[in-house]
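First up is the structure itself, then whatever we jot down about it.
The values are calculated or read from the model by the stated rules, or taken from the named source; none is laboratory data. In this text the structure is predicted, and so the values were computed from the model without any measurement. When we count neighbours, we look across all protein chains shown, and the Cβ atoms used for this are built from the backbone with ideal geometry, even at glycine.
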Amino acid sequence: MADSATSTPISPLTGPQADRWKKLLLSGEYSDMQIVCQEVVFKVHKAIVCPSSSFFTSIFKHPNEESSTGVVKLPEDDPETIERLLSYLYLETYSQDSHIIPTNTDGEEGLSTEANIGLNNADVYIVADKFDILPLKALAVARMTEWAQVNYLSSQFIDMAHHVLQLEHDPWPCQFIASCIVNNLPGMALDSDHVVGLMRDYGRLGVAVSMMLSKAHNRSIEERETGHCREKSILQARINSSDHQIGRLKQQITDLQRENTRLRSLSTPTGRQEGNNRRGSWD
């Protein structure tokens with residue numbers, strides 16, 4: 001099974017096709033399946049919901065009350081999050097701070113309460129994990145990561161962290177929150193009440209933070225040592241080049257000294273006579 005943290009989110013539907021699927025989702029026309037969640041009824045279509053989720057597929061594969069009635073009850077799930085899940089199954093996207101289809105019993109579309117985007121995306125991640133919809137998990141990962149880059153010092157970030165860390169079987173949330181803490185030091189102080197509380201409540205988070213800090217420290221040492229080795233190699237190359245140039249200069253000086261000695265010898269009477277003798281022998 002692919003890792004949700006490395007999966008690529010699917011691009012949302014656009015144009016006339018998106019309009020048709022949205023109309024089908026909102027109207028519930030030709031629905032052959034209902035999802036009941038805390039008195040909110042979503043009229044949906046097996047052909048769309050089941051192929052994307054092994055959870056829903058397994059329900060209708062075997063004879064049981066849900067497969068015979070077409071009604072799937074999810075009493076423990078949040079209607080707002082289920083709405084985002086269904087929006088994704090139909091449109092390959094979901095609203096982070098509102099809703100595409102009504103979620104309250106009076107039929108009013110959307111919510112009037114202040115949205116917590118970080119927590120909403122965490123809820124989507126959790127429900128996508130529960131219903132085994134990996135592309136939806138990947139989209140929630142991308143949106144949580146983007147949101148956390150700006151909001152890591154907010155109280156909403158702590159709420160999101162507490163929420164997503166409930167998934168003990170999934171390693172990604174712990175790694176994600178730990179990287180947010182480590183990458184944003186010293187702004188997110190390790191001794192702050194919020195961070196201490198997180199690591200106290202989730203011991204594996206403290207372990208992950210410690211391991212990341214240790215790796216960062218070791219990486220820093222390795223980079224310094226590599227830098228020193230590189231500087232040493234550059235310096236040695238310069239020394240070798242200088243030695244070669246000095247050797248050439250020494251040879252040039254030796255040649256000049258020999259030439260100077262020869263010229264000086266020619267300037268003496270004996271030297272001139274020897275020179276004349278050589279010229280005479282040539283004649």
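Taking first residues from segment 57-71 that are over 18 Å from Ile133 (Cα atoms) and partners that are among the acidic types (Asp, Glu), the Cβ contacts under 9 Å between residues at least 6 apart in sequence or on separate chains come to Gly70/Asp32; Val71/Glu65. Among residues that are touching a helix residue (DSSP H, G or I) at 6+ places or on another chain (Cβ under 6 Å) and part of a helix (DSSP H, G or I), Lys215 is not included.
Going by the conditions given, is Ile35 over 14 Å from Pro102 (Cα atoms) and either crowded, with 16+ Cβ neighbours inside 10 Å or of a type outside the set (Phe, Trp, Tyr) (or both)? No; evaluated as a whole, the condition is false for this residue.
Evaluation of Val150 against the conditions (1) of a type in the set (A, V, I, L, M, F, W, C); (2) farther than 23 Å from Val124 by Cβ; (3) modelled with pLDDT of 80 or more shows that the sole unmet condition is (2).
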